[in-house]
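All remarks here apply to the structure that follows.
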Amino acid sequence: MPTETHCPYCALQCGMKVMPEGSSATISARDFPTNRGGLCQKGWSAAELLDHPERLTTPLIRDRKDGDLRPGTWEEALDRIAFEIARSQSTYGRDSVGIFGGGGLTNEKAYALGKFARVALRTANIDYNGRFCMSSAAAAGIKAFGIDRGLPFPVEDIALAETILLVGGNLAETMPPIMRHFEAQREAGGKLIVADPRRTPTAMAAHLHLQLTPGTDAALANALLHIAIADGLIDLEFIEDRTSDFDAVRRSVASYWPDRAERITGVPVRQLSQAAHLLGEAATAMVLTARGPEQQSQGVENVLAFINLTLALGQVGRPGSGYGCVTGQGNGQGGREHGQKADQLPGYRKIDNPAHRAYVAAIWGVDPADLPGPGRSAFEMLDDLGESTKSLLVFGSNPVISSPNAGSIEAKFRSLEFLAVADMFLSETATLADVVLPTTQWAEEEGTMTNLEGRVIRRQKAVEPPPGVRSDLFVLHELARRIGCPEKFPAEPTEVFAELRLASAGGVADYSGITYERIERENGVFWPCPGEDHPGTPRLFLDGFPTADGRARFHPVTHRGPAEMPDDDYPLYLTTGRLMSQYQSGTQTRRVRSLMATAREPFVELHPSLAQRLGITEGVEVSVRTRRGVAQARARISGNIRRDTLFLPFHFAGAGRANLLTNPALDPTSRMPEFKVCAARLEISPAHLESL
Ligand code: SF4
């Protein structure tokens, strides 16, 4: 019998069936509300990872810093990690050991990792790569609505919206099955507006494409609200009854008149007006943001500006309407709800709130005073490696590829006294480790994930892992035992989930009413779900907002622009993003033959007029330079990108590593790096010139 589970990759968490076949499995799609029987190429080919020849099946150990990794036993590897933790903490203090987690880990693992850091290591130093995914939208959601849940409605609501504005997301390539919901919306007569510096396949499917200058999202949102106010499109009754602080926003958008907005954003006045009217005249409208506006040093404000627009139109709290963030990573949502983030405890409790600390400490059987305080955010932790952070444990993440200013971060990894990495393949980060632990992957393990809708779903074991491979929960269980931690760290996901339910009870992300059986029976359960007799909460904000006064809050936003603007030395904008056939740092997808056949190497996308000016022809090797480094890739000439902008996909290692170039300027609230825009220079690669 095939096992019903979910795709290992993105936050859509498409339903699939997995049938064991020899040492691998065959995959078939299943009808689940998010994917309606569809899968993308990544999902279809995911079984190739199970018995992949490069799969790690034994721990690897480096005896000396200048030596090679060699195969070792689990006992040896775990003893070495425990020894290094003790050595580091007794020499430099508890916070000298850090943990870096991943947005693909199950809820059970994310919870156990947070508890392990606070209770076993007693270090404040824990964060995860989800910080690079949607922390700006999370912070904005909390400010405006009092809660952070990616989509506050099920994806089926997309089909109910008359107009949708999608900002900075290329869903047709990154999560193709979700387009079934957009197609249903179109068939019902709905309109789609896409804002993106590139004319992506998603933008091509839209009724209106706003091809804005990178880094001008706040100005775009303010201009749309300016027009909506001027043309009488806002919902004064909703504003009066359900929100606060609108007047400050009304004043702040007054200076974003259409001509000025066109000069800032590059979007023609006619299109600005058309977009504002499509949204403002719709009975139901939705505004969705993705990484485009969020991965900026003004990311939180960008999102707040789009929330302002949605609130002013009165399009929140009704089916088919609302603001939502389209989460990227498989468990980006759940990963931050249960304590893997530097400032959070399980259930979305705050680590600096005395009542929250007391509640979680009681579940964990420790004195609240013994829990560490907030730690550094992901990039700040990585930037500190080798300084006060001497040892690092990495679980399911590859920051040498995925962090901004990656060349500098790689050097910092090399300066660590000790690095352990738990992964299924020898990622670029794992190659630098002193100990590498081979861990289980999606179809080999049990647990829960929380998808982009806030729907808690079940990952089910379909195949046996290869001999020699262990789960992350086993690793934490064994390490806690070795370092003499008296608290329990169960290795069984069911036991961990039972504890997680208790720890989250009464919190914002309350999972206490969710059981594995309910998830299976009900096609997932939406949090908050405070009791087993509670139906879960597919739609938030129907009656009010979880703020102190029950109202949503407007926040005035001023367009500041990117931290780094083009100038004489670096005259172009550089933006980065994803491809259909690759995923994140590529640790998995760069090992799948069928995916590599369609996207095997990086490229630099540029406009034909720019190519002509610089004498660049299709396929020529070019160099992109920024103040942080240089990357090389072949030129791909396309009229679908702005004349002043370059695009590089970020999945690749080697000379084409896009994050060698990106700017680590951080948003002051979310600590999100500015992946999406920096200043760059383009030239024909010296190697190509020499070959002529
Ligand atoms: Fe997997 Fe996302 Fe593709 Fe669905 S859209 S098959 S979850 S990668």
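Placing unit charges on the Cβ atoms of the charged side chains and taking the dipole of the range 572-691 about its Cα centre, the candidate lying farthest along the positive direction among L595, N640, L574 is L595.
Within the range 543-692, antiparallel bridges make up roughly 65 percent of the DSSP beta bridges whose residues both belong there. Under the simplified labelling scheme, the A498-E54 pair shows an inter-label distance of 4.0 nm, with each label point 7 Å from Cα along Cα→Cβ. Restricting the range 286-366 to chymotrypsin sites (Phe, Trp or Tyr not before Pro) that sit in a DSSP loop and have at most 16 other Cβ atoms within 10 Å of their own Cβ leaves nothing. Taking every DSSP bridge with both residues inside the chain, close to 45 percent are antiparallel. Basic side chains Lys and Arg get +1 at the Cβ, acidic Asp and Glu get -1 at the Cβ, and with that the dipole of the chain about its Cα centre reaches some 760 debye.
Looking at the square roots a ≥ b ≥ c of the eigenvalues of the Cα gyration tensor of the range 353-480, which shape do they give, rounded for a/c under 1.5, prolate if a/b is larger than b/c, or oblate? Don't skip to the end; give the middle numbers.
Numbers: a/c = 1.63, a/b = 1.03, b/c = 1.57.
Because a/c hits 1.5 or more and a/b fails to exceed b/c, the range 353-480 counts as oblate.
Extending 7 Å from the Cα toward the beta-carbon at both D259 and E281 defines two label points whose distance is 2.5 nm. Ranked by the mean number of other Cβ atoms within 10 Å per residue, highest first, peptides 431-443, 635-647 order as 431-443, 635-647. Segment R122..K350, full-extension length gain: 80.4 nm, with 0.36 nm per residue of separation and the alpha-carbon distance subtracted. Annotation for V269 and D245: the two label points, set 7 Å from Cα along the Cα-Cβ direction, are 3.2 nm apart.
The alpha carbon gyration tensor of the range 492-545 gives principal lengths a ≥ b ≥ c with a/c of 1.5 or higher and a/b no greater than b/c, which makes the shape oblate.
Rounded to the nearest 0.05, what FRET efficiency do A548 and A362 have when you use their Cβ-Cβ distance and R0 = 25 Å? Intermediate values should be presented prior to the final figure.
Details: r = 25 Å, r/R0 = 1.01.
Efficiency for this residue pair is about 0.50.
For the residue pairs K17/K65; K115/K390; K461/K676; K115/K412, alpha carbon separations beyond 32 Å are given by K17/K65; K461/K676.
Identify the trypsin sites (Lys or Arg not before Pro) of the range 487-534 meeting these criteria: DSSP loop state and at most 13 other C-beta atoms within 10 Å of the C-beta.
Values: sites: K488, R501, R518, R521; in loops: K488.
In loop regions of the range 487-534 (DSSP not H, G, I, E or B), there are no sparsely surrounded trypsin sites (Lys or Arg not before Pro).
For an R0 of 60 angstrom, estimate the FRET efficiency from the Cβ-Cβ distance between D63 and A184 and round to the nearest 0.05. Don't skip to the end; give the middle numbers.
Working: r = 59 Å, r/R0 = 0.98.
Step by step, r from the Cβ atoms, then E = 0.55.
In this structure, D567 and E601 have a Cβ-Cβ separation that, at R0 = 35 Å, corresponds to a calculated FRET efficiency of about 0.70. Couplings for the range 384-393, taken from phi via the Karplus curve 6.51 cos²θ - 1.76 cosθ + 1.60 with θ = phi - 60°, read 8, 4, x, 8, 7, 8, 9, 9, 9, 10 Hz in order; Gly and Pro are left as x.
Shape of the range 144-252 from the C-alpha gyration tensor: prolate (a/c of 1.5 or more and a/b above b/c, with a ≥ b ≥ c the square roots of its eigenvalues). A simple packing score, the average count of other Cβ atoms within 10 Å per residue, orders the peptides 328-334, 368-374, 201-207 as 328-334, 201-207, 368-374, with the highest score first.
Selection among C10, G43, S24 by position relative to the dipole of the range 3-49 gives C10 as farthest towards the positive end (Cβ unit charges, Cα centre).
Please calculate how many Å² of accessible area the range 135-325 carries per residue, with a 1.4 Å probe and no DNA, RNA or ligand atoms counted.
Working: 5510 Å² over 191 residues.
On a per-residue basis, 29 Å².
Between P673, A406, L614, the Cα set farthest toward the positive side of the dipole of the chain (charges on each charged residue's Cβ, about the Cα centre) is that of L614.
By the helix-only formula, in which each DSSP H run with n ≥ 4 contributes -39500 (n - 2.57) and the sum is divided by residues, the chain has a 222 nm mean residue ellipticity of -8500 deg cm²/dmol.
What are the GluC sites (Glu not before Pro) within the range 435-485 that DSSP puts in a loop, where the Cβ has at most 11 other Cβ atoms within 10 Å? Walk me through the numbers on the way to the answer.
Numbers: sites: E444, E445, E446, E453, E478; in loops: E445, E446, E453.
Passing sites in the range 435-485 do not exist.
Measuring between their Cα centroids, the range 1-63 and the range 434-506 lie 18 Å from each other. The fraction of accessible area contributed by carbon and sulfur in the chain is 50 percent, rounded to a whole number (1.4 Å probe; ligands and nucleic acids excluded). Highest mean packing comes first when the peptides 658-671, 613-626 are listed by Cβ atoms within 10 Å, giving 658-671, 613-626.
The values are calculated or read from the model by the stated rules, or taken from the named source; none is laboratory data. If you're wondering where the values come from, they're calculated on a predicted model, not measured in any experiment. Virtual Cβ from ideal backbone geometry, glycine too; neighbours counted across all protein chains shown. These area figures cover heavy atoms from the full protein model, side chains too; ligands, DNA and RNA do not enter into them. Shrake-Rupley method; radii C 1.70, N 1.55, O 1.52, S 1.80 Å.
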